[in-house]
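Novice: Please see the structure below; I have some questions.
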Amino acid sequence: MHGELEALEDGVRRLDAQALRSLQGEVATLHKLVDDLHELSLADVGALSYRKTDLDLRTLIDGTAGAFRERINGSGLALQLELPDQPLPAFGDERRLRQLFSNLLENSCRYTEAGGALRISARREGAHAVIDVQDSAPGVTPEQLPRLFERFFRAEASRSRRSGGAGLGLSICQRIVQAHEGRIEARPSPLGGLWLRVELPSHG
Ligand SMILES: Nc1ncnc2c1ncn2[C@@H]1O[C@H](COP(=O)(O)OP(=O)(O)OP(=O)(O)O)[C@@H](O)[C@H]1O
Ligand SMILES: [Mg+2]
């Protein structure tokens with residue numbers, strides 16, 4: 001952003017619609033970085049407040065997948081959504097849980113080759129709701145799997161380098177899951193990419 005502004009100041013570049021779009025993009029990236037860092041530091045000192053209510057994970061996941069439908073199509077992915085017939089009750093913070101699933105879907109859109117697949121499934125298993133988000137290639141190496149939840153960790157795939165995130169999304173997901181007394185795990189997916197499993201307590 002600094003470089004772009006300098007080029008504009010020096011008249012090397014013209015301040016046109018394209019330059020503005022590019023700057024808007026840079027500002028959006030910075031904004032997200034600051035928000036994510038802020039959120040993680042609040043979580044570190046235990047100051048992140050969660051407003052939990054009774055909610056239905058089936059509706060929440062369906063809604064989040066719906067919000068991503070265009071993005072998923074745009075990434076050239078075929079979506080398979082497998083939701084239970086019954087509601088999936090949980091006690092949680094709706095906004096944070098949306099953020100959790102949005103981060104996972106965002107990653108699948110960013111880090112899956114076009115022509116691939118994205119499978120989202122949710123079901124009840126005993127006292128837990130189990131939500132699986134799986135995608136096709138590329139995945140990460142077995143050594144990288146346990147490191148995915150570390151702050152600023154990004155796998156070295158050229159695709160992830162190009163698509164400039166900060167490497168904070170999954171750390172935030174882990175925080176959100178922990179605040180709901182749940183678990184999140186990354187594994188290789190039989191679809192060829194990554195498999196993120198989220199388990200949350202489900203009552204009722
Ligand atoms: N579905 C996926 N398929 C393949 N690789 C993935 C997938 N999700 C995450 N990764 C890898 O894990 C890394 C960490 O993901 P994370 O969401 O924490 O950060 P990010 O997407 O790089 O940046 P941010 O989410 O902060 O914008 C990514 O850079 C990517 O290399
Ligand atoms: Mg991410």
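Novice: What is the one condition in (1) free of Cβ contacts under 8 Å to residues at least 60 places away in the same chain; (2) open to solvent by 20 Å² or more (accessible area, probe 1.4 Å); (3) farther than 16 Å from PHE68 by Cβ that ALA114 does not satisfy?
Specialist: Against the list (1) free of Cβ contacts under 8 Å to residues at least 60 places away in the same chain; (2) open to solvent by 20 Å² or more (accessible area, probe 1.4 Å); (3) farther than 16 Å from PHE68 by Cβ, ALA114 comes up short only on (3).
Novice: Same structure, new question: On the given criteria, is LEU42 within 20 Å of ILE184 (Cβ to Cβ), exposed (fewer than 15 other Cβ atoms within 10 Å of the Cβ), away from ligand 1 (no atom under 12 Å from the Cβ) and not assigned by TED's automatic domain parsing to the domain that holds CYS173?
Specialist: Here the answer is yes, as LEU42 does meet what is asked.
Novice: Quick one: which residue in LEU118, LEU100, LEU77 is at pLDDT 95 or above, more than 27 Å from GLU39 (Cα to Cα), within 15 Å of ligand 2 (Cβ to nearest atom) and of a type in the set (A, V, I, L, M, F, W, C)?
Specialist: From the options LEU118, LEU100, LEU77, the qualifying one is LEU118.
The values are calculated or read from the model by the stated rules, or taken from the named source; none is laboratory data. Note that the structure is a prediction, hence the values are computed from the model and not measured. Glycine also receives a Cβ, built like all others from the backbone with ideal geometry; neighbour counts cover every protein chain displayed. What goes into the accessible areas is simple: the full protein's heavy atoms, side chains included, and nothing from ligands, DNA or RNA. Shrake-Rupley method; radii C 1.70, N 1.55, O 1.52, S 1.80 Å.
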